[in-house]
Amino acid sequence: MENLNDTIKIGQIVPSSNLTMEREIPAMLRAREQILPERFSFHSSRMRMKKVTAEELKAMDCDSDRCALELSDAAVDVMGYACLVAIMAMGKGYHRESQARLHKLTVDNGHPAPVVSSAGALVDALHLMGAKRISIVAPYMKPLTQMVADYIESEEIEVSDYVALEIPDNLEVSRQNTDNLLDIYKKVNLKNIDALVLSACVQMPSLAAIQKVEDECGIPVLSASVATTHQMLKSLGLEARVPNAGALLSGKYS
């Protein structure tokens, strides 16, 4: 019988309307369980947000401290702040401030845990992969997508091109058919780029398309959720390898 005391507890701070991160992160780590010995459980705390607007995102971020404390009470082993655009809406470089503040809360609460943000994880993953020039697919309205591009470029990574699907309702984002990405990605410039971010949003499903698109276009493909999973595993000192989840989790960057 499995010893639950050995289970690694994954905590996620998620928008109240987010469904995808509580599907894709467990899916990746369950796939990892098929090839590696570690076992995981999953725990979440929610911040209110329904519409993906700058105003709602900034209001939502104020709830992240409460969420971190709630997850810390459960003594989770790592926390992921699962909203890329909420972090980026707070200003360039904000992922560092947010991660440091939330980590300090866990320390002060007596259950210190590393804190990963999807925004910081994506930036760090692109640097780790040596990606200097990328293209991205995002569900946001064009002004928010441009803000994401500007944030990434402030981290010294050029955004060659992007597709903005312009879906303001966060629940509607979660309902997007992953198979559509097999055609959507062809709308962005793929020439002379080092990586393709197939979903620069942790609410837009993309996991099932990551490996397919990478195999088809021959360019390393990742998403915000793939990057978050990679950084969570690294912060736990574990091998960052998940089958069929693209180059970042292939084991090359373990």
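Structural remarks
- Selection status of V159, assigned to a strand (DSSP E or B) and open to solvent by less than 60 Å² (accessible area, probe 1.4 Å): yes
- Checked against the criterion of being farther than 21 Å from A27 by Cβ and either in contact with a Cys (Cβ under 9 Å, 6 or more places away or on another chain) or aromatic (F, W, Y) (or both), the candidates Y151, Y185 yield just one match: Y151.
- Looking only at residues of the range 1-50 that are modelled with pLDDT under 95 and open to solvent by 80 Å² or more (accessible area, probe 1.4 Å), we find that the one that is nearest to H230 (Cα to Cα) is D6.
- Against the criterion of being open to solvent by less than 40 Å² (accessible area, probe 1.4 Å), over 20 Å from L29 (Cα atoms) and either part of a loop (DSSP other than H, G, I, E, B) or not aromatic (F, W, Y) (or both), V213 qualifies.
Yes/no matrix, rows are residues, columns are (1) out of contact with any Leu (no Cβ under 8 Å at 6 or more places or on another chain); (2) touching a residue at least 60 places away in the same chain (Cβ under 8 Å); (3) basic (K, R):
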| residue | (1), (2), (3) |
| --- | --- |
| M28 | no, yes, no |
| P37 | yes, no, no |
| R48 | yes, no, yes |
| E56 | yes, no, no |
| D61 | yes, no, no |
| R66 | yes, no, yes |
| V76 | yes, yes, no |
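- First in the range 122-150 and within 17 Å of G91 (Cα to Cα), second anywhere and surrounded by fewer than 19 Cβ atoms within 10 Å (Cβ to Cβ), Cβ under 6 Å, 6 or more apart: V123/E155
- For the range 168-188, filtering for residues that are open to solvent by 20 Å² or more (accessible area, probe 1.4 Å) and either under 20 Å from P143 (Cα atoms) or of a type outside the set (D, E, K, R) (or both) leaves 11.
- Residue within the range 219-234 that is at pLDDT 95 or above, open to solvent by 50 Å² or more (accessible area, probe 1.4 Å) and not basic (K, R) present: no
- Count - residues of the range 171-204 that are in contact with a helix residue (DSSP H, G or I) (Cβ under 8 Å, 6 or more places away or on another chain), within 22 Å of M21 (Cβ to Cβ) and part of a loop (DSSP other than H, G, I, E, B): 5
The values are calculated or read from the model by the stated rules, or taken from the named source; none is laboratory data. All values derive from a computational prediction rather than experimental measurement. With ideal geometry, Cβ positions are generated from the backbone for all residues, glycine too; neighbour counts draw on all protein chains shown. These area figures cover heavy atoms from the full protein model, side chains too; ligands, DNA and RNA do not enter into them. Shrake-Rupley method; radii C 1.70, N 1.55, O 1.52, S 1.80 Å.
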